[in-house]
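K.L.:
Submitted below is the structure of interest, expressed as structure tokens.
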Amino acid sequence: MRDVAWLYDLYTADEAFVTSSFSRVHPVAEVDGRLLPCPGPLTTRFRAELAALVEREGEPVG
């Protein structure tokens, strides 16, 4: 049941994003053929805040 609830949440989401150390915050445009707003307002905000943090604090190398 947990997987079904998770899929329902994903299918009905206002927006979705994934994070990684390489792409940082990346919007998800489509899930199983269902289009999502891309990028959504939270994704845009998180990307901007992370970019400002990296600019301010620097990015560790190595």
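K.L.:
Quick one: would you say Ala5 is among the aliphatic types (A, V, I, L, M) and modelled with pLDDT under 85?
P.N.:
It is true that Ala5 is among the aliphatic types (A, V, I, L, M) and modelled with pLDDT under 85.
K.L.:
What pairs come up if the first residue lies in the range 34-55 and is under 26 Å from Tyr8 (Cβ atoms), the second is assigned to a helix (DSSP H, G or I) and among the charged types (D, E, K, R), and their beta carbons are under 9 Å apart, counting only those six or more places apart or on different chains?
P.N.:
Close Cβ pairs satisfying both conditions: Pro39/Arg47.
K.L.:
Identify, please: which residue in the range 16-62 is acidic (Asp, Glu) and surrounded by 10 or more Cβ atoms within 10 Å (Cβ to Cβ) and is, among those, modelled with the lowest pLDDT?
P.N.:
For the range 16-62, the residue satisfying everything is Glu30.
The values are calculated or read from the model by the stated rules, or taken from the named source; none is laboratory data. Please read all numbers here as calculations on a predicted model, not as lab measurements. When we count neighbours, we look across all protein chains shown, and the Cβ atoms used for this are built from the backbone with ideal geometry, even at glycine.
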